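Here the structure comes first, spelled out in structure tokens, and everything after it is commentary.
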Amino acid sequence: MTQLDVTLTDYAITLLCLVLFGGIARRNFNYPALKRLWLLFFASVAVGSLTGGSVHGFFLDESSLGYRVLWPITLIALGITASSTWVIAGLLAFGRKALKYVIIFSMISFLVYTIVVLRYSQSFVVVIINYLPPMIFLLLTAVNNYRKSRAQYLLWIATGVGISFIGAYVQQAQIAIHPHYFNHNSTYHLLQAFGLFALFRGAKGLEHVKGDV
């Protein structure tokens, strides 16, 4: 197995997301659309981590069939994560009345992203560029809503996004706990795990939201 640390931490993220997926699935949201969006969010991260970890562990050769199949799946899965984030943030910012428009926007952005990934570039930088705007939107919305309501779950969402930003910086700056045994990708996965858990805590808080979001 190549890049053992990256593969195992990617698989750990997959398991974590499955647990968080189950935690959301067991809850009865007053607004079911939010529940489905969070389920899609954690499921897409799980798929991306599973296939991405498999690439790092077994198919690093870009000419191999495994790489050519699994890496695009990884990127597309993370594109779905970004799209679900757009809709979650849009609901928190504008309420249910804007749901149709936010979904249309997220679908267009996903289509553009998918074309870029399949035809032009499969660099992970593309994933980050696509992922940053909806996460920034979610952060700003969570902070703005917290100023109005002081709801604790919004702080969890903002914290999760903040940790995700730190993780993205660590990954791109190639900051590692250890250069060989726990490299920058593994360090990114570790931070990602904390970020995902914080987002899960925030998502749970939306369970009892009533009326317009």
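Derivation of every value follows stated rules applied to the coordinates shown; laboratory data play no part. Computed from a prediction, not measured in an experiment: that's the story for all the values here. FYI the Cβ positions are ideal-geometry reconstructions off the backbone, even for glycines, and counts take in every protein chain you see.
Points worth noting:
- Residues being over 14 Å from Phe41 (Cβ atoms) and either assigned to a loop (DSSP other than H, G, I, E, B) or hydroxyl-bearing (Ser, Thr, Tyr) (or both) - total across the range 54-110: 12
- When Arg147, Arg201 are checked against the criterion of being over 17 Å from Gly52 (Cβ atoms) and out of contact with any Gly (no Cβ under 9 Å at 6 or more places or on another chain), a single residue qualifies: Arg147.
- Put simply, of Phe94, Phe137, Phe105 the only residue that is surrounded by fewer than 20 Cβ atoms within 10 Å (Cβ to Cβ) and either in contact (Cβ under 8 Å) with a residue 24 or more places away in the chain or in contact with a Gly (Cβ under 6 Å, 6 or more places away or on another chain) (or both) is Phe137.
- Comparison of Val143, Val161, Val127 shows that the only residue that is hydrophobic (A, V, I, L, M, F, W, C), assigned to a helix (DSSP H, G or I) and over 15 Å from the mean Cα position of the chain (by Cα) is Val143.
- Filter result for Arg36 (surrounded by fewer than 18 Cβ atoms within 10 Å (Cβ to Cβ) and in a helix (DSSP H, G or I)): yes
- Criterion: of a type in the set (Val, Ile, Thr) and more than 22 Å from Phe197 (Cα to Cα) - qualifying residue of Ile80, Ile88, Ile103: Ile103
- Of residues in the range 52-68 being under 15 Å from Ser123 (Cα atoms) and in contact with a helix residue (DSSP H, G or I) (Cβ under 9 Å, 6 or more places away or on another chain), the one surrounded by the most Cβ atoms within 10 Å (Cβ to Cβ): Gly52
- Within the range 93-122, the set of residues being under 17 Å from the mean Cα position of the chain (by Cα) and of a type outside the set (Val, Ile, Thr) comprises Ser106, Met107, Ser109, Phe110, Tyr113.
- Phe59 within 23 Å of Leu8 (Cβ to Cβ) and touching a Gly at 6+ places or on another chain (Cβ under 9 Å): yes
- The residues on offer are Val125, Val143, Val117, Val161, and the sole one that is in contact with a Pro (Cβ under 7 Å, 6 or more places away or on another chain) and without any contact (Cβ under 8 Å) to a residue 60 or more places away in the chain is Val117.
- Whichever residue in the range 172-213 is part of a helix (DSSP H, G or I) and without any contact (Cβ under 8 Å) to a residue 40 or more places away in the chain and, among such residues, is nearest to Ala151 (Cα to Cα): Gly195
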